[in-house]
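Accompanying notes for the structure given below.
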Amino acid sequence: TTRTPEFLGLDQNNELFPESQSASDVIIGVLDTGVWPESKSFDDSGLGPVPASWKGTCEVGTNFSSSACNRKLIGARYFSKGYEATLGPIDTSKESKSPRDDDGHGTHTSTTAAGSVVTGASLFGYAPGTARGMATRARIAAYKVCWLGGCFSSDILMAIDQAIDDNVNVLSMSLGGGMSDYFRDSVAIGAFSAMEKGILISCSAGNAGPSAYSLSNSAPWITTVGAGTLDRDFPAFLSLGNGKNFSGVSLYRGNSEATALEMTPFIYAGNASNSTSGNLCMMGSLIPEKVKGKIVMCDRGVNARVQKGTVVKAAGGVGMVLSNTGANGEELVADAHLLPATAVGQKNADLIKSYLFSDPNPTAAILFEGTKVGIEPSPVVAAFSSRGPNSITPDILKPDMVAPGVNILAGWSGAVGPTGLAVDSRRVAFNIISGTSMSCPHVSGLAALLKGAHPEWSPAAIRSALMTTAYTAYKSGQKLQDVATGKPSTPFDHGAGHVDPVSALNPGLVYDLTVDDYLNFLCALNYTETEITSLAKRKFTCDESKSYSVRDLNYPSFAVNLETGSSSKSTVSKYSRTLTNVGPAGTYKVTVTQDNPNVKITVEPESLSFAAANEKKSYTVSFAVTGSLPTSTLNSFGRLEWSDGKHIVGSPIAISWS
Amino acid sequence: AEVSSRSTYIVHMAKSEMPASFQHHTHWYDASLKSASDSAEMLYTYSNAIHGFSTQLTPEEAEMLKFQPGVLFVLPELKYELH
């Protein structure tokens with residue numbers, strides 16, 4: 001990536017992160033579409049021998065030999081038996097039966113997590129700079145589990161099985177499969193076993209936002225990552241024949257440096273089609289006679305954004321304006337279209353449409369402005385980022401945090417163009433794409449940095465450090481925004497907040513968790529012995545004499561669920577937590593802020609003193625309803641912070657009424 | 001026709017319940033599978049992520065396998081997608 005190291009403060013604080021052996025001994029396993037080993041991001045210059053702990057290998061296959069691996073890309077495997085059992089033998093003329101990445105996604109995620117430093121990186125001159133992964137000294141092991149026809153659970157499970165055996169330290173999985181109970185979800189099951197072995201599992205939250213209850217990968221032993229924007233944009237202005245200008249974004253690059261599309265006849269796709277869904281620019285839906293030589297405005301949705309451009313081009317159009325609808329609001333995702341194109345937000349789109357529908361001879365021009373940085377406010381939560389509440393366990397707040405996931409530049413496959421379309425014959429070393437797939441490996445890499453700095457920390461301690469130091473407000477003091485609403489985002493959108501790795505390096509205190517804590521959590525969920533045995537891989541019986549509570553899982557956040565109409569007489573919810581000192585001795589005092597005066601939050605004790613490292617101290621939080629709540633009150637939010645004056649250990653609070 | 005009606009299942013086993021007569025868990029998994037299907041073959045044997053294996057079965061075979069000793073779950077294959 002060329003911007004996130006700066007955006008996250010890594011560039012200015014390089015000296016804080018060790019260059020030592022411990023940093024280069026960290027191995028990140030990436031389950032994805034494989035790897036393009038020729039990418040400069042896998043250059044192993046300056047790296048020492050492969051860590052002694054590594055037990056993996058570099059599997060050979062179609063267009064992939066064992067020499068593809070080196071001291072950066074230390075392992076590459078592929079898993080296709082499940083895929084082939086369902087869809088038949090792999091057609092090696094279409095995809096490589098090997099770890100080779102024919103898609104680009106796996107190369108993008110793995111280089112984001114731990115790619116080496118590459119100077120002079122860009123996509124067609126966009127986002128220029130020095131590209132690097134978050135943990136430049138960590139090693140990468142690629143596990144190819146996703147193919148042209150999808151990613152199958154039997155293959156994913158085997159890849160996790162193998163990654164555990166290979167001794168990875170971090171597992172990065174930018175994939176998901178809906179919402180099923182933990183014991184039915186292969187990612188959750190495999191992640192549980194990985195967690196037992198001390199492996200941190202970072203997963204994408206999903207791209208089903210801004211709808212509520214849209215999360216994937218919500219098990220508490222998984223670090224669930226939502227997506228936010230950077231302070232970078234790729235403006236491409238649309239100038240209308242009536243003299244009005246509208247801002248949009250684009251990664252289009254023509255042959256000439258000063259790319260622009262002069263004033264050209266302009267038409268709405270819905271008026272250039274006989275199809276009822278002609279506005280979407282679906283394949284074959286545009287009438288060439290109406291489109292030829294014109295800029296066409298297409299509505300977003302159903303088919304891929306870049307495919308709409310090819311549909312316009314195939315029908316003879318010379319440019320495209322991609323219009324957001326209510327589902328996307330003002331979120332602008334830039335694409336490397338094959339024809340001059342710009343994407344505009346819903347508000348601008350409505351104004352542009354009113355011009356299109358009222359002017360008898362509408363015209364437009366597109367001007368591409370290149371790359372702009374310093375965009376404010378940033379970050380903002382991406383509209384597509386999946387949102388809580390957690391539909392599987394409402395008492396666990398998810399996502400855990402947000403990280404950069406919009407317009408991210410990282411390594412790409414040489415087998416496919418930047419749009420991923422078959423008709424795109426362009427080849428690029430780096431591509432700019434968006435998704436929680438992109439935010440997940442940011443956190444995987446940052447977790448590897450923390451693991452390198454604190455090898456003794458558990459996966460839960462590393463996640464806690466990332467969560468409790470995440471920020472929820474801009475430097476101005478204003479709360480983080482949600483691009484879907486234009487309003488402040490909530491813990492259901494951003495979890496603990498936006499990741500801040502420099503602060504995470506020295507969190508002061510952490511909320512640690514052991515395997516037994518998670519087993520007790522499963523008991524609290526009333527899982528049967530069979531369900532627990534399948535997850536734990538050993539016989540585990542919940543103690544009938546013991547009172548288990550999900551509220552007592554030592555999680556760094558609070559999700560409180562109350563019943564509508566509850567009053568102080570009927571509802572006092574108590575949560576217990578234990579903090580472990582990972583900093584110097586000190587006394588921490590608690591503060592609680594929240595936005596609902598009818599809920600009283602009490603912390604006992606209000607002060608915790610730590611005399612030594614690794615000392616543990618517990619506290620309880622009580623949530624009491626002090627008055628009748630209006631039936632319209634569904635959620636309220638707050639924050640609990642412990643501070644010794646130097647460290648702030650923050651936890652988000654989300655209170656829901658059902 | 002039997003082959004085409006088969007789909008992939010992930011079979012979770014309680015390894016602690018393996019009869020002493022088996023020297024290795026893979027032999028036990030194999031015997032369990034054979035008790036439900038003469039022709040089904042294992043796709044993968046898992047040791048770390050779960051205890052169990054994946055295989056292709058007809059719905060009837062899958063149902064029969066559920067009731068074999070030591071079988072915890074017979075879960076259908078799920079398709080995941082990139083984010």
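For the range A:214-271, give me each residue that is out of contact with any Ser or Thr (no Cβ under 9 Å at 6 or more places or on another chain), of a type in the set (V, I, T) and at pLDDT 95 or above.
The one that is out of contact with any Ser or Thr (no Cβ under 9 Å at 6 or more places or on another chain), of a type in the set (V, I, T) and at pLDDT 95 or above: A:I267.
Considering the range A:511-540 alone, what residues qualify as being in contact with a Gly (Cβ under 9 Å, 6 or more places away or on another chain) and closer than 29 Å to A:T620 by Cα?
none
Residues are listed down the side, and each one gets a yes or a no for (1) touching a strand residue (DSSP E or B) at 6+ places or on another chain (Cβ under 9 Å); (2) among the polar types (S, T, N, Q); (3) closer than 22 Å to A:A208 by Cβ; (4) free of Cβ contacts under 8 Å to residues at least 24 places away in the same chain:
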residue	(1), (2), (3), (4)
A:T276	no, yes, no, yes
A:I287	yes, no, no, no
A:V381	yes, no, yes, no
A:S385	yes, yes, yes, no
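Would you confirm, using the coordinates I've provided, whether A:A422 is part of a loop (DSSP other than H, G, I, E, B) and at pLDDT 95 or above?
Details: part of a loop (DSSP other than H, G, I, E, B): yes; at pLDDT 95 or above: no.
Criteria not met by A:A422.
Of all residues in the range A:477-498, how many are in a strand (DSSP E or B) and small (G, A, S)?
0
When the residues of the range A:75-133 are filtered to those that are in a helix (DSSP H, G or I) and of a type in the set (A, V, I, L, M), which remaining residue is surrounded by the fewest Cβ atoms within 10 Å (Cβ to Cβ)?
A:L87
Quick one: which residue in A:Y126, A:Y213 is aromatic (F, W, Y) and under 30 Å from A:L519 (Cβ atoms)? Before you say what the answer is, go through the steps one by one.
On the way: A:Y126 fails: under 30 Å from A:L519 (Cβ atoms).
None of the others qualify; the one that does is A:Y213.
Quick check on the range A:13-44: of everything there that is at pLDDT 95 or above and in a helix (DSSP H, G or I), which residue is farthest from A:L505 (Cα to Cα)?
Here the answer is A:K40.
So, in the range A:311-328, exactly how many residues are under 22 Å from A:L367 (Cβ atoms) and surrounded by fewer than 23 Cβ atoms within 10 Å (Cβ to Cβ)?
2
Collect the residues in the range A:52-61 that are surrounded by fewer than 18 Cβ atoms within 10 Å (Cβ to Cβ) and within 18 Å of A:A142 (Cβ to Cβ), keeping them in residue-number order.
A:S53, A:W54, A:K55, A:T57, A:V60
For the range A:527-555, enumerate the residues that are within 14 Å of chain B (Cβ to nearest Cβ) and farther than 28 Å from A:M467 by Cβ.
Hits for the range A:527-555 are A:T528, A:E529, A:T530, A:T533, A:S534, A:R538, A:K539, A:T541.
Here are some conditions: (1) surrounded by 20 or more Cβ atoms within 10 Å (Cβ to Cβ); (2) in contact (Cβ under 8 Å) with a residue 60 or more places away in the chain. A:V515 meets all but one. Which one does it not meet?
The one condition A:V515 does not meet is (1).
Just to verify a result, which residue in the range A:433-476, among those that are hydroxyl-bearing (S, T, Y) and assigned to a loop (DSSP other than H, G, I, E, B), is farthest from the chain's Cα centre (by Cα)?
Only one residue fits best here, namely A:S476.
Go through (1) within 14 Å of another protein chain (Cβ to nearest Cβ); (2) out of contact with any helix residue (DSSP H, G or I) (no Cβ under 6 Å at 6 or more places or on another chain) and name the single condition A:Y143 misses.
Of everything listed in (1) within 14 Å of another protein chain (Cβ to nearest Cβ); (2) out of contact with any helix residue (DSSP H, G or I) (no Cβ under 6 Å at 6 or more places or on another chain), A:Y143 misses just condition (2).
Among all residue pairs at least 6 apart or on different chains, which show Cβ distances below 8 Å where the first residue, located in the range A:426-438, is modelled with pLDDT of 95 or more and the second is among the charged types (D, E, K, R)?
Final answer for the pair search is A:A429/A:K40.
List every residue pair whose Cβ atoms lie under 6 Å apart, where the two residues are 6 or more positions apart in sequence or sit on different chains, the first residue falls within the range A:139-157 and is assigned to a loop (DSSP other than H, G, I, E, B), and the second residue, located anywhere, is among the β-branched types (V, I, T).
A:V145/A:I156
Does at least one position in the range A:329-347 carry a residue that is free of Cβ contacts under 8 Å to residues at least 60 places away in the same chain and either surrounded by 24 or more Cβ atoms within 10 Å (Cβ to Cβ) or more than 30 Å from A:S636 (Cα to Cα) (or both)?
Checking the range A:329-347: not a single residue is free of Cβ contacts under 8 Å to residues at least 60 places away in the same chain and either surrounded by 24 or more Cβ atoms within 10 Å (Cβ to Cβ) or more than 30 Å from A:S636 (Cα to Cα) (or both).
Wholly within the range A:587-658, which strands (runs of 3 or more DSSP E) include no fewer than the required count, namely at least 2 residues that are more than 20 Å from A:G495 (Cβ to Cβ)? Step through it out loud before you land on a result.
On the way: elements: A:599-604, A:607-610, A:616-625, A:635-643, A:648-657.
By residue number, A:599-604, A:607-610, A:616-625.
Does the range A:508-518 include one or more residues that are at pLDDT 95 or above and farther than 20 Å from A:I199 by Cα?
Checked the range A:508-518: at least one residue is at pLDDT 95 or above and farther than 20 Å from A:I199 by Cα.
Among A:D165, A:D155, which is among the acidic types (D, E), closer than 22 Å to A:F79 by Cβ and surrounded by fewer than 24 Cβ atoms within 10 Å (Cβ to Cβ)?
So the residue among A:D165, A:D155 that is among the acidic types (D, E), closer than 22 Å to A:F79 by Cβ and surrounded by fewer than 24 Cβ atoms within 10 Å (Cβ to Cβ) is A:D165.
Working carefully through the options A:T436, A:T393, find the one that is β-branched (V, I, T) and either touching a Lys or Arg at 6+ places or on another chain (Cβ under 6 Å) or crowded, with 24+ Cβ neighbours inside 10 Å (or both).
Checking each option against the conditions leaves just A:T436.
Just to be sure before I move on: is A:K72 in contact (Cβ under 8 Å) with a residue 40 or more places away in the chain, of a type outside the set (F, W, Y) and either within 12 Å of chain B (Cβ to nearest Cβ) or within 21 Å of A:V416 (Cα to Cα) (or both) in the structure I sent?
no
The values are calculated or read from the model by the stated rules, or taken from the named source; none is laboratory data. Small disclaimer: the values here were computed from a predicted structure and weren't measured. Virtual Cβ from ideal backbone geometry, glycine too; neighbours counted across all protein chains shown.
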